[in-house]
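Report on the structure given below.
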Amino acid sequence: MEAIKEHTYQIGEVARKYHLSVATLRYYDQEGLIPGLGKSASGCASSPTKTSAP
């Protein structure tokens, strides 16, 4: 069985992973181009990821 688990990444981590600038990611977020993106109280971006449930 698979469950959806929230995992948070800092915007810089996401930028490095996808070879994009932080400004580009912020623009994409502002334009609504990144569905499911949220922000934690500390400013971390959060994105649901599928993981296998134990």
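The values are calculated or read from the model by the stated rules, or taken from the named source; none is laboratory data. Keep in mind that what you see is a predicted model, and the values were worked out from it rather than measured. Here the Cβ positions follow ideal geometry from the backbone for every residue, glycine too, while neighbour counts run over all protein chains shown.
Quick check, is Ser52 polar (S, T, N, Q) and modelled with pLDDT of 65 or more? Considered against the rule, which asks whether it is polar (S, T, N, Q) and modelled with pLDDT of 65 or more, Ser52 comes out as no. Could you grab me the full set of residues in the stretch 1-20 that are outside any helix (DSSP H, G or I), at pLDDT 90 or above and loosely packed, with under 12 Cβ neighbours inside 10 Å? Within the stretch 1-20, Tyr18, His19 meet the criteria.
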